[in-house]
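Undergrad: Take a look at the following structure, please.
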Amino acid sequence: MRLPASPREEDFTSRLRGPAVAARVGVWLGTCFVIAFVTGFISHEAHVTHPFVAFPTRPVWLYRVTQGLHVASGTAAIPLLLVKLWSVFPKLFARPPRRVTELAVESLERGSIAVLVGAAIFELASGVANTAQWYPWGFHFRATHYAMAWIAIGALAVHVAVKLPLIRAVLGAPIENEEHDRPGISGVAPLGRRTLVRGSLLASGVAVLATAGATVPLLRRVSVFGVRSGDGPGGIPINKSAHAAGVIATALSPEYRLILRHGAQERSFSVADLEALRQRSGKLPIACVEGWSASGTWTGVRLRDLLDLVGAPRGRDVRFTSLQQRGPYKVTTLPSQFADDPLTLLALGLNGEKLAIDHGYPCRLIAPDRPGVFQTKWLAAIEVL
Amino acid sequence: MRASRMLLGGVGVAVAAYGVKLLLDLGLGNLRATLEWLVGGIVLHDALLAPLTVLVGAGLVRLSRGGVRIGPLVVGGLVVGTVTIAAIPVLGRFGARSDNATLLDRNYLVGWLVLVVLTAVVSLGVLLVRGRQRP
């Protein structure tokens with residue numbers, strides 16, 4: 001194939017580039033985007049203090065599964081998006097129509113596709129970088145990724161609405177059918193269309209297997225690109241270290257006291273005071289927005305027991321303040337259903353060891369079914385709202 | 001079908017408009033940084049990656065015109081190529097931090113080599129088996 005200075009649609013002769021492949025890969029890609037959108041919305045709801053519907057405390061692994069699915073479906077979408085864009089690339093060079101009304105309609109459609117392609121690349125690129133904690137940009141990740149998701153899914157709906165007759169036609173015909181192909185395609189191709197579609201799905205599956213070990217323990221040895229192998233103090237990885245949070249001196253100080261406040265009542269606890277209270281154990285996962293998760297057996301004081309000590313009624317939200325000096329999650333609010341849950345602990349130990357300083361020593365919050373950033377470490381104060 | 005298409009399109013426009021509103025609410029500085037990446041992603045694909053695949057594709061077509069059956073190798077290349085792109089953030093270890101040994105704690109280059117070798121072995125295996133079946 002010659003490469004002219006300015007290519008035309010007809011210059012692309014591959015019989016693989018066309019609606020038969022695009023629609024089939026597109027169905028899988030669209031499915032991935034819908035799963036990522038729904039699970040992303042669930043994650044967003046888990047991050048706001050007062051969502052549409054109160055976020056459930058059971059099953060304890062719900063957020064772990066939805067966020068794992070979110071990252072897995074986004075990862076699966078990367079090979080599919082690349083093949084999908086490849087299969088329709090010649091359309092970029094289609095000659096614009098002469099008639100003004102047709103030109104206006106086509107400009108609108110091209111505009112909607114530019115938005116769709118831009119938003120899709122943006123979501124996958126920013127998402128996959130975020131899983132590896134790489135932030136080479138100036139925008140607020142979580143809020144922007146969330147806003148762009150609405151743009152992507154809206155543009156996807158418009159795209160499907162525009163293309164529906166063509167999609168139905170090519171999906172209803174055999175894959176090698178040429179009725180809807182561009183004119184001028186040649187018969188020579190190094191592989192058949194079905195092989196290309198299956199190859200894309202294979203690539204998509206390999207991408208998931210190669211990364212999902214960060215959240216699926218069984219895949220840890222298989223996932224050569226897993227962001228975390230699952231190791232760490234007490235058998236669990238960490239996100240923010242004590243050093244990064246600037247808490248080493250205050251957390252290890254013998255002067256450390258946890259302040260518990262309810263209205264005018266205030267009590268303070270040293271580490272020994274907390275250890276003297278009734279200790280409970282429970283297996284709870286820690287699940288981060290970046291898609292990694294791990295389950296551990298936590299030991300400590302039930303939060304509800306502490307709240308009873310200051311006479312806090314049920315049904316109250318509780319504010320947690322960390323010793324960490326800055327950061328958006330220095331102060332977090334725990335909705336009342338989590339505060340009253342018998343599984344919610346102030347953990348002092350993990351998997352039979354004393355809580356490591358990187359896990360939040362002297363004590364941290366661990367609640368069922370909550371995003372990791374809200375499992376506040378290095379607790380300084382607890383306040384009933 | 002026309003009515004349901006209109007409805008789907010209308011809902012799509014409304015949903016995307018809500019996203020634009022959310023984006024605008026994040027402020028002008030955030031919007032500028034977002035647009036850089038939005039446009040940058042399209043440019044990177046259309047001006048760099050897509051022409052690259054055109055060149056590779058042209059070479060593959062020439063090979064198969066010469067009668068070489070390379071289907072399984074192309075699929076292998078597709079797997080390695082796309083999965084490598086998905087793995088750029090871990091391969092570059094851009095997010096690694098000296099104070100957190102639990103993050104990016106694998107040898108990703110070795111992992112990549114394992115992927116390449118494994119894919120090459122499987123692709124060649126399929127090629128050989130097929131060649132024997134259809135001489």
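The values are calculated or read from the model by the stated rules, or taken from the named source; none is laboratory data. Just so we're clear, the structure is a prediction, and the values are computed from it rather than from any experiment. With ideal geometry, Cβ positions are generated from the backbone for all residues, glycine too; neighbour counts draw on all protein chains shown. Heavy atoms of the whole protein, side chains included, go into the accessibility calculation; ligands, DNA and RNA do not. Shrake-Rupley method; radii C 1.70, N 1.55, O 1.52, S 1.80 Å.
Undergrad: At 1.4 Å probe size, with every protein chain present, just tell me what the per residue accessible area of the range B:1-60 comes to in Å².
TA: Here the residues of the range B:1-60 average 62 Å² of exposed surface.
Undergrad: Taking the DSSP beta bridges in chain A as the whole, what percent of them are antiparallel, to the nearest 5?
TA: Percentage antiparallel, nearest 5: 85.
Undergrad: Pairs of lysine in chain A with Cα under 21 Å and at least 8 positions apart or on different chains: total?
TA: Total qualifying Lys-Lys pairs in chain A comes to 9.
Undergrad: Turning to a different aspect of this structure: Where Rh is the Kirkwood radius over the Cα pairs of the range A:156-278, the temperature 4 °C and the viscosity 1.567 mPa s, what D in µm²/s does Stokes-Einstein return?
TA: Using the Kirkwood radius from Cα pairs, D works out to 60 µm²/s.
Undergrad: Treat each spin label as a single point 7 Å out from the Cα along the C-beta direction, and report the A:ASP317 to A:SER6 distance in nm.
TA: It works out to 5.8 nm between the two label points.
Undergrad: While we're looking at this one, here's another question. From zero outward in steps of 10 Å, how is the percent of C-alpha pairs of the protein assembly as shown spread across the bins?
TA: 4, 17, 25, 22, 16, 10, 5, 2, 0
Undergrad: Something else: If you place +1 on the Cβ of every Lys and Arg and -1 on the Cβ of every Asp and Glu, how big does the dipole about the Cα centre of the range A:127-273 come out, in debye to the nearest 20?
TA: Dipole magnitude for the range A:127-273 comes out near 80 debye.
Undergrad: Using θ = phi - 60° and the Karplus relation 6.51 cos²θ - 1.76 cosθ + 1.60, list the HN-Hα couplings for the range A:214-227 in order, rounded to whole Hz, with x at every Gly or Pro.
TA: 5, 10, 10, x, 4, 9, 4, 7, 7, 7, 5, 10, x, 5
Undergrad: Treat each spin label as a single point 7 Å out from the Cα along the C-beta direction, and report the A:ALA114 to B:ARG132 distance in nm.
TA: For the pair A:ALA114/B:ARG132, the computed spacing is 5.5 nm.
Undergrad: About the Cα centre of the range A:1-136, what is the dipole size in debye to 20, counting +1 per Lys and Arg Cβ and -1 per Asp and Glu Cβ, all else neutral?
TA: Computed about the Cα centre, the dipole is about 340 debye.
Undergrad: Another question about this same structure. Note the angle between two axes, namely the Cα long axis of helix A:141-172 and the longest principal axis of the Cα atoms of chain A, as a number of degrees from 0 to 90, rounded to the nearest 10.
TA: Approximately 30 degrees, to the nearest 10.
Undergrad: Quick one: dipole size for the range A:190-267, taken about the Cα centre, charges +1 on Lys/Arg Cβ and -1 on Asp/Glu Cβ, in debye to the nearest 20.
TA: Approximately 460 debye in magnitude.
Undergrad: Evaluate the Debye formula for the range A:1-100 with equal point scatterers sitting on the alpha carbons, no solvent, and hand back log10 of I(q)/I(0) at q = 0.16 Å⁻¹, in q order, two decimals.
TA: -0.78
Undergrad: Over the protein assembly as shown, with every protein chain in place, what whole percent of the accessible area is carbon and sulfur at 1.4 Å, could you tell me?
TA: Carbon with sulfur: 65 percent of the solvent-accessible area.
Undergrad: In whole Å, how far is the Cα centre of the range A:102-131 from that of the range A:1-67?
TA: 12
Undergrad: How many percent of Cα pairs in the range A:81-182 exceed 17 Å?
TA: 65
Undergrad: A follow-up question, please. First select every other residue whose beta carbon is under 10 angstrom from the beta carbon of A:LEU258; then total the charges, Lys and Arg +1, Asp and Glu -1.
TA: So the surrounding residues net to +1.
Undergrad: Around A:LEU350, which amide H atoms from residues at least 5 apart in sequence, or from another chain, sit under 5 Å from its own amide H, with H modelled in the peptide plane?
TA: Correct list: A:THR299, A:LEU355.
Undergrad: I need the shape label for chain B. Rule: rounded when a/c is under 1.5, else prolate if a/b > b/c, else oblate, with a, b, c from the alpha carbon gyration tensor.
TA: Oblate, because a/c is 1.5 or more while a/b does not exceed b/c.
Undergrad: Could you give each residue of the range A:374-385 its phi-based ³J(HN,Hα) in whole Hz, using Karplus coefficients 6.51, -1.76, 1.60 with θ = phi - 60°, and x for Gly or Pro?
TA: Listing the rounded values in order: 8, 8, 4, 9, 6, 5, 10, 8, 10, 10, 7, 8 Hz.
Undergrad: From the residues A:LEU260, A:ALA210, A:GLY230, which one has its Cα farthest along the dipole of the range A:207-276 in the positive direction, the dipole being from +1 and -1 charges on Cβ of Lys/Arg and Asp/Glu about the Cα centre?
TA: Going by the charge dipole, the pick is A:ALA210.
Undergrad: Could you point to the residue in A:GLY300, A:LEU346, A:ILE42 farthest towards the positive end of the protein assembly as shown's charge dipole, with +1 and -1 charges on the Cβ of Lys/Arg and Asp/Glu respectively?
TA: A:ILE42
Undergrad: Which one of B:MET6, B:GLY81, B:VAL68 is farthest out on the positive end of the charge dipole of chain B, using unit charges on Cβ (Lys, Arg +1; Asp, Glu -1) and the Cα centre as origin?
TA: Value computed over the given set: B:VAL68.
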